[in-house]
Amino acid sequence: MRILLVDDHALFRDGVALLLRELDPAVQVSHAASLDEALATLGDSADIDLILLDVILPGMHGLQALETLRERHPGVPLVMLSSQEDQVTVLRSIQLGAMGFIPKSAPAGQMFEALRTVLARRIYVPPLSLAGIALPVPARACTSPAELGLTPRQTQVLRLILEGKPMKLIARELGLSPNTTKTHVSAVLRALAVTTRTQAIVAANRMGLVLGDDAST
């Protein structure tokens, strides 16, 4: 796995890179201190598997970098890694296409576990950010898409939903018609007992839904 770490603090990037390599020595970490550097890296390399992005970057306002990256590189999963961790920022990040959110203020052990979760292709959202969000989904132990009753195709659709990809891109990537894609998306949301993508992220997080390589077959 090759990860692009986008943050303007070199010491923080180095620390996160060390944690990532401790979790998985095979991980390759590329660094970017700004949105322009991140776009240049993504333009030069087609094999970035995951982006870890700070909310605030030089010359950028709020979540503008997230919006730009999702627009230009919608095929690359992205997780926020930020000191801004209020519920509004966390949920807005998810609405804009992030598939998870890791707070910089987390103690070392929590940060370690959060990164482990992301590397395992599971979704991590800080528990306090989910407080007060009512969903008709009970907290369950680690659950696979198959246990939710999803077909292999619906599982592929679920993965793309959680990677923040819009309906048109899901249809294009899977070679499906718009109507067929809409049918699969509806089935996925129904299986999660939710009605929106944001709720799907939250529900998947609460379930501990595993999105390993077998989830895309």
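The values are calculated or read from the model by the stated rules, or taken from the named source; none is laboratory data. Given the structure is predicted, the values throughout are model-derived calculations rather than measurements. Every residue, glycine as well, gets a Cβ built from its backbone with ideal geometry; the counts of neighbours run over all protein chains shown. Each accessible area value is taken on the protein alone, full model and side chains, heavy atoms only, with ligands, DNA and RNA left out. Shrake-Rupley method; radii C 1.70, N 1.55, O 1.52, S 1.80 Å.
Some points to look at:
- Crossing angle, helix 178-192 versus the chain [Cα axis fit, 0-90 degrees, rounded to tens]: 90 degrees
- Here the Karplus relation 6.51 cos²θ - 1.76 cosθ + 1.60, evaluated at θ = phi - 60°, turns the backbone of region 61-67 into coupling constants of 10, x, 9, 4, 5, 4, 4 Hz, with x for every Gly and Pro.
- FRET efficiency for A10 and R172, using Cβ-Cβ distance with R0 set to 41 Å, rounded to 0.05: 0.60
- Residues in region 84-100 that a label on E71 would reach, taking backbone N under 14 Å of a point 7 Å out along Cα→Cβ: 96-97
- Where labels lie 7 Å past Cα in the beta-carbon direction, separation of Q28 and K182 in nm: 4.2 nm
- Protein heavy-atom accessible surface, 1.4 Å probe, per residue over the chain: 46 Å².
- Rg/Rh for the chain (Cα atoms only, Rh after Kirkwood) is 0.94.
- The phi torsions of region 84-90, fed into the Karplus equation with coefficients 6.51, -1.76 and 1.60 and a -60° offset, translate into couplings of 8, 10, 5, 4, 4, 5, 4 Hz, rounded to whole numbers, with Gly and Pro shown as x.
- Gyration tensor (alpha-carbon) shape descriptor, region 1-73, a/c threshold 1.5: oblate
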